[in-house]
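Enquirer: To start, I am sharing the structure in question, which I have written as structure tokens.
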């Protein structure tokens, strides 16, 4: 109904990982003295929520004239045969992306910015490979699933069986969409009512169209990974308890020692603030910060205030901590040999 240009920030595809792609945003700065930054969106939604449209792009807000290179991993769209992709394999995919960035940039570490489920995966990855991560930003990613809110109630083990849901294969896009609609059944009505008040404004129509494009662009969830995600994290809360394992290795969040920031949204029904800030409580980091931003789970990243409040604040935080790692390495005796 409304034309929308999504993913407008100039970028290059620099690596393929299975069905996924790694993008490098071009920016405008020739000098990139700091460590690289990798954006990790959720694997169950399309990646371009972090590059939604002009004026509402986390990718653009971080990459333009920044002292660091900005990458983003697009997980791609699973096909039927991906029903056997395990949770371990998902974490392995992220590992290959991080190692590619380090190898091609020559950097010893990278900063990771995860959003939603991508933040949860980024935290797991950092706990398993702390030597590769210089700083970790968690945007609305849950870690303590006892605070998972309405979504946690929906998948409660007393009435929800993830294995039954995926017995026929991947959890389909329609099933995913139905679940999110059930969390806010009046949301589809209220958004159209809200548009009626602002429909005369071309910018409001453009914003609405871009968000509708993304929200309707649903993708499947690989069946095997879905079962582990729901059962071990949501239903059994193993991650924050230190009982979650990837390829047999225990995921110990206290192994995370790099600077950490958790960005929480005031009206987030998908990841309530306590679910996200549990990461800070579990790590051994000396730098642990919390940014609270207005809006809900998606609006926090693409809402009207995100460009004014979240993007510059996160960019400053990343600039500080990617530069600090470079300075500290320069001062070590080994670096002077």
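The values are calculated or read from the model by the stated rules, or taken from the named source; none is laboratory data. Treat the numbers as computed from the prediction; the structure is a model and nothing was measured. Every residue, glycine among them, receives a Cβ derived from its backbone with ideal geometry; neighbour counts consider all protein chains shown.
Enquirer: Identify, from the list 315, 238, 286, the residue that is free of Cβ contacts under 8 Å to residues at least 40 places away in the same chain and in contact with a helix residue (DSSP H, G or I) (Cβ under 7 Å, 6 or more places away or on another chain).
Expert: Values: 315 fails: free of Cβ contacts under 8 Å to residues at least 40 places away in the same chain; 286 fails: in contact with a helix residue (DSSP H, G or I) (Cβ under 7 Å, 6 or more places away or on another chain).
Every option except 238 fails the conditions.
Enquirer: Which residues, taken from segment 302-312, are out of contact with any helix residue (DSSP H, G or I) (no Cβ under 6 Å at 6 or more places or on another chain) and surrounded by 19 or more Cβ atoms within 10 Å (Cβ to Cβ)?
Expert: Across segment 302-312, the qualifying residues are 302, 303, 306, 310.
Enquirer: What is the one condition in (1) part of a helix (DSSP H, G or I); (2) within 30 Å of residue 82 (Cα to Cα); (3) modelled with pLDDT under 95 that residue 308 does not satisfy?
Expert: Of the numbered conditions (1) part of a helix (DSSP H, G or I); (2) within 30 Å of residue 82 (Cα to Cα); (3) modelled with pLDDT under 95, the odd one out for residue 308 is (2).
Enquirer: Can you go through 54, 81 and tell me which one is surrounded by fewer than 22 Cβ atoms within 10 Å (Cβ to Cβ) and farther than 29 Å from residue 222 by Cα? Can you show your working first?
Expert: Working: 81 fails: farther than 29 Å from residue 222 by Cα.
Going through 54, 81 in turn, just one is surrounded by fewer than 22 Cβ atoms within 10 Å (Cβ to Cβ) and farther than 29 Å from residue 222 by Cα: 54.
Enquirer: What pairs come out if I take residues in segment 194-217 that are closer than 28 Å to residue 174 by Cα and pair them with residues that are part of a helix (DSSP H, G or I) and at pLDDT 80 or above whose C-beta lies under 6 Å away, six or more apart or interchain?
Expert: 214/49
Enquirer: Can you give me the number of residues within segment 109-137 that are farther than 19 Å from residue 42 by Cβ, assigned to a loop (DSSP other than H, G, I, E, B) and touching a strand residue (DSSP E or B) at 6+ places or on another chain (Cβ under 8 Å)?
Expert: Residues that pass the stated criteria total 1.
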